[in-house]
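Structure first, then comments.
The values are calculated or read from the model by the stated rules, or taken from the named source; none is laboratory data. Since we're looking at a predicted model, the values are computed, not measured. Here the Cβ is made from the backbone with ideal geometry for all residues, glycine too, and neighbour counts use every protein chain on show. Only protein heavy atoms, including side chains, enter the accessible area calculation; ligands, DNA and RNA are left aside. Shrake-Rupley method; radii C 1.70, N 1.55, O 1.52, S 1.80 Å.
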Amino acid sequence: MVEKNSGKVGPIILLGPPGAGKGTQAKRIAEHYGIPQVSTGDLLRENIARGTALGRQAKEVMDRGELVSDDVVNEMVRERLGEEDCRRGFILDGYPRTPVQAGWLDGFLESKRAKGRAQCGPLIVIEMDVDYNNLIERLTGRLYCAHCGRIYNVITQPPRVDQLCDFDGTPLVARSDDRREVIAERLKAYEQQTRPLADYYAKQGQLVHVNADLDVDAVTSQVLRVIERSRGADMKSPSWSA
Ligand code: AP5
């Protein structure tokens with residue numbers, strides 16, 4: 001058994017449509033293994049909150065439900081993955097999202113390996129399959145804590161106290177791109193630009209599907225099983241306790 005808090009983990013890519021639960025699972029995996037969640041959506045929202053030039057440019061695009069340009073996102077990821085906390089591994093949430101981003105990531109990881117900076121073991125790509133109707137319910141009911149980033153859902157994951165974060169009591173807010181008309185555009189962008197990546201990784205033998213229609217704990221169990229299998233360890237009873 002490989003210890004969960006030592007040795008390399010991943011890199012792990014969580015693929016899946018808006019609302020599949022990538023952020024929810026990425027936070028759990030990050031906590032479990034002590035590696036960072038690298039969410040391009042969160043990085044972009046941080047730039048918007050800080051009012052940076054990048055944030056101002058990205059906000060308009062995100063509010064339309066379209067994808068931010070590959071160059072901008074790749075550069076943001078390059079900077080983030082260069083940070084010290086990514087040395088043991090990292091979870092990519094919402095990245096890559098286009099063939100150009102996937103090609104860039106391959107080159108980036110290859111150059112790290114070539115330099116002997118094997119921050120990376122074998123790439124693990126997990127596709128989260130979810131029924132379309134569940135996606136809509138999850139996105140229209142989502143709330144999050146702008147202070148700690150924890151994610152809730154008024155139906156499937158309600159906070160203990162109405163509208164307040166369980167961990168720090170901050171009032172919860174909805175994301176500006178979780179309006180129905182923007183959700184439709186985001187799902188369209190996913191179908192056209194991101195879904196083809198599943199084939200790309202499947203051809204390289206790196207893709208594993210999980211049933212993300214199940215409840216959060218059951219999805220986490222599947223995801224941990226996939227990761228542990230890839231790390232050469234066999235979890236005898238893969239159950240999640242929060
Ligand atoms: P981003 O922030 O990445 O959003 P997304 O991919 O659309 O995904 P979401 O965050 O909406 O959903 P999720 O899968 O993380 O689900 P979550 O865990 O929150 O991107 C936003 C925008 O930024 C993009 O539209 C684009 O403009 C830009 N962008 C980002 N990355 C980019 C890139 N690489 N290139 C270009 N542009 C980029 O869960 C959703 C809800 O479901 C929650 O309420 C949760 O509580 C609930 N839930 C989760 N799991 C379950 C479960 N198993 N059962 C029941 N409920 C569940």
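Assorted remarks:
- Residues TYR33, TYR132 ordered from highest to lowest accessible area at a 1.4 Å probe: TYR132, TYR33.
- Charge context of ARG50, other residues only, Cβ under 12 angstrom, K/R +1, D/E -1: +2
- Set of the stretch 127-165 residues, backbone N closer than 17 Å to the point 7 Å along the Cα-Cβ line of LEU214: 127-131
- Links that overshoot a 28 Å alpha carbon limit, given the list LYS112/LYS203; LYS8/LYS59; LYS22/LYS115; LYS22/LYS203; LYS8/LYS188; LYS22/LYS188: LYS8/LYS59; LYS22/LYS115; LYS8/LYS188
- Translational diffusion of the stretch 2-104, estimated by Stokes-Einstein from the Kirkwood radius over alpha carbon pairs at 20 °C in a medium of 1.002 mPa s, is 149 µm² per second.
- Over the stretch 105-226, Cα pairs under 8 Å with separation of 6+ residues give a relative contact order of 30 percent.
- Equivalent ellipsoid, the chain (semi-axes from 5 times Cα gyration tensor eigenvalues, Å): 26, 22, 18
- Computed from label points 7 Å out along Cα-Cβ, the spacing between ARG225 and VAL61 is 3.8 nm.
- Between ALA114 and ALA53, the simple spin-label model (points 7 angstrom out along Cα→Cβ) gives 3.1 nm.
- Of ASP178, ASP93, ASP71, the residue with the greatest mean-square motion in the GNM of the chain, using alpha carbon springs below 10 Å, is ASP71.
- For the chain, a Gaussian network of Cα nodes joined below 10 Å ranks GLU83, GLU185, GLU66 by mean-square fluctuation, and the top entry is GLU83.
- In the chain, Cα pairs under 8 Å separated by at least six residues give a relative contact order of 28 percent.
- Globularity index of the stretch 85-181 is 1.44 (Cα radius of gyration / 2.2 N^0.38 Å, N = number of residues).
- By accessible area with a 1.4 Å probe, ligands and nucleic acids excluded, highest first: order of LEU187, LEU207: LEU207, LEU187
- For GLY16, distant residues with modelled amide H under 5 Å away: MET128
- Considering only ALA58, ALA174, ALA202, the Gaussian network model of the chain with Cα springs below 10 Å gives its largest mean-square fluctuation to ALA202.
- Two-site label geometry, ALA202 and HIS147: point separation in nm, points 7 Å out along Cα→Cβ: 4.4 nm
- Relative contact order (%) - the stretch 68-122, alpha-carbon pairs under 8 angstrom, separation at least six: 40 percent
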